[in-house]
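Notes follow the structure.
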Amino acid sequence: MRDDAPLREPSYLILTSLAAGPRHGYAVIEDVREISAGRVVIGVGTLYTAIDRLRADGLIEVDREEVVDSRLRRYYRLSDDGTRRLAAETERLTRHAAAARARLNASGRAALGGGPA
Amino acid sequence: MTAGDLERRYRRLLALFPRRHRAEYGPEMLAALLAGAEQGRRRPRMREVVDLAGAALAAHAVARLGRSQWSAAAGAVGTIGAIGLTASVLRNVGLWHAVFDSFAPMAGWGLALVVALLVFWPLAAVGAVAGRPALATVAAALGLTAQTAVAVLASGPGRLPIGVLAALLTAGGLAVWAATGGPALRGRAATGGLGGGAEAGGPAVGGGAATGGPAVGGGAVTGGPAAGGRAATCGPELGSGAETGGPALRRGAATGGPALWGWPLWAAGAAGAIGVLTGWVPRAPFTADLPWLPVEPAWVYAAGPPGIAVVAVSSALLAAAVLTLPGPTRWRVLVLALPVVAVTGLANAGLHQPPTLVVALCLLAAFVAGLGVGRRHRPASNS
């Protein structure tokens, strides 16, 4: 399996969202909107495509199901694999970001990228 | 009832998803959609429509293909190739009386090799259809060896007949398919199990979900459902398939996966059956090459209108076998099969069979290209 293939952004953000604890689908959408400062709004179709894949890869699992107002709510949580994967991916992204920042600083162009607003 | 309108429209969009996906996620997707809709909205937003339609398409693709589409295409090429080579050798047995002269110099060896072909190619075809890539690959490798030996004994090592090229392609396709985990057929066997239970659909789908059924392309495929599908499809066919190739195909198509493998297998099997027949019909024009590709102009001309009709029908069936594959697999199959089809076309145009040296160089190039593709798909390390 492609355990180490880079996660796509929606998947990464979904895992990030679930790192805070079990959530149902719509709560994940809201949470992602919040942590991305409104930049990423995951559509329901995209969300469940990603959820299906993450479940298949064993990164998330069903926590519990509830019926609220006669609507099904299924809560998902990170699996141990998912936690490891999120940590590894975050490490990778941090390294890349740090390298980018260091080089931008070294060449004195940091301000061009978007200095303090 | 504005809320009712909106819900109805969402339901209609959700109906675009494959059945398994709907059963698994439909209710919660509907709940999430409704939760996201502001008060008084009657129609889904455009971006929701686009998002859902795109996701539904992706889900269909995953449901049909698994995720590794090159692997699926390699499996399709290998499977169709094994069926064709099975038909080819069965046809050659029919042509025995005519072919015998050219085989005479090799005496006992020729006979032994033809018997080997008669065993290995049907075994490869049955293994492929039954979703056992490893078995199919080993059988195809042995078949390729025997095929090459026959060609070298019959016409020397300078040039390779199209049959050997087809054998190379088949064995290579099956090997790639086996090496990459063979998601398509096995996934097909798994979903075939799910869908094949049209009568017993409910529990099967539940079981699939429990054991990782959603991972049609993932590693989970090697788990329960696939094993079940395989157990259902293999075994009894080995005997009957070795005789004719027919019953095994039929059963494989029925239980192995109606969605992906049904039509392509039927079409390839029918083309193969026609090819076999042309070897057994008295005084039929013959060629020792692929039976259901329009080979060698002399074949057609010697046969007159009936021969042209046979070639046309079997070519159409072969085209149908490829065209009924799902889109992303289809064009990959065409890419993979192109070298052999092109060589066949050149041979038809009156050119010679390719020198062995050229074939070896092409294989080297394909190997390097394959490495490149493999590297691109290999995960970036992230310690």
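Within segment B:18-43, the set of residues being outside any helix (DSSP H, G or I) and under 40 Å from the mean Cα position of the chain (by Cα) comprises B:PRO18 only. In segment B:300-318, of all residues being of a type outside the set (Ser, Thr, Tyr) and either crowded, with 17+ Cβ neighbours inside 10 Å or at pLDDT 85 or above (or both), the one that is nearest to B:GLN69 (Cα to Cα) corresponds to B:LEU318.
In segment A:74-89, which residues are in contact (Cβ under 8 Å) with a residue 12 or more places away in the chain and more than 9 Å from chain B (Cβ to nearest Cβ)? Reasoning before the result, please.
Step one: of segment A:74-89, the residues in contact (Cβ under 8 Å) with a residue 12 or more places away in the chain are A:74-79, A:81-83, A:85-86, A:88-89.
Hits for segment A:74-89 are A:TYR75, A:TYR76, A:ARG77, A:LEU78, A:SER79, A:ASP81, A:GLY82, A:THR83, A:ARG85, A:LEU86.
Within segment A:54-68, count every residue that is within 20 Å of the chain's Cα centre (by Cα) and of a type outside the set (Gly, Ala, Ser). Reasoning before the result, please.
Restricting attention to segment A:54-68, the residues satisfying the condition of being within 20 Å of the chain's Cα centre (by Cα) are A:54-63.
Going one step further and asking which of them are of a type outside the set (Gly, Ala, Ser), we end up with A:54-55, A:57, A:59-63.
Final tally of qualifying residues: 8.
Of all the criteria given as (1) away from chain B (no Cβ under 14 Å); (2) surrounded by 14 or more Cβ atoms within 10 Å (Cβ to Cβ), the one not satisfied by A:GLY21 is (2). Candidates are the residues of segment A:31-50 that are part of a helix (DSSP H, G or I) and out of contact with any helix residue (DSSP H, G or I) (no Cβ under 7 Å at 6 or more places or on another chain); the one that is nearest to the other protein chains (Cβ to nearest Cβ) is A:ARG33. Here A:ARG71 passes the criteria (1) over 12 Å from the mean Cα position of the chain (by Cα); (2) facing chain B (nearest Cβ under 9 Å); (3) buried (at least 20 other Cβ atoms within 10 Å of the Cβ) except the one numbered (3).
Can you pull out the residues in segment A:53-76 that are part of a strand (DSSP E or B), among the charged types (D, E, K, R) and farther than 16 Å from A:ILE29 by Cβ?
First pass over segment A:53-76, keeping only residues part of a strand (DSSP E or B): A:60-68, A:71-76.
Those left that are additionally among the charged types (D, E, K, R): A:61, A:63-66, A:71, A:73-74.
Once the filter is applied, which keeps residues that are part of a strand (DSSP E or B), among the charged types (D, E, K, R) and farther than 16 Å from A:ILE29 by Cβ, segment A:53-76 yields A:GLU61, A:ASP63, A:ARG64, A:GLU65, A:GLU66.
Look through B:VAL119, B:VAL126 and report the one residue that is assigned to a helix (DSSP H, G or I), in contact (Cβ under 8 Å) with a residue 60 or more places away in the chain and under 21 Å from B:SER71 (Cα atoms).
Working: B:VAL119 fails: under 21 Å from B:SER71 (Cα atoms).
Every option except B:VAL126 fails the conditions.
Every condition in (1) modelled with pLDDT under 75; (2) more than 26 Å from A:VAL68 (Cβ to Cβ); (3) within 13 Å of chain A (Cβ to nearest Cβ) holds for B:ALA104 except the one numbered (3).
The values are calculated or read from the model by the stated rules, or taken from the named source; none is laboratory data. Since this is a predicted model, take the numbers as computed values, not measurements. As a convention, Cβ positions derive from the backbone with ideal geometry for all residues, glycine included, and neighbour counts pool all protein chains shown.
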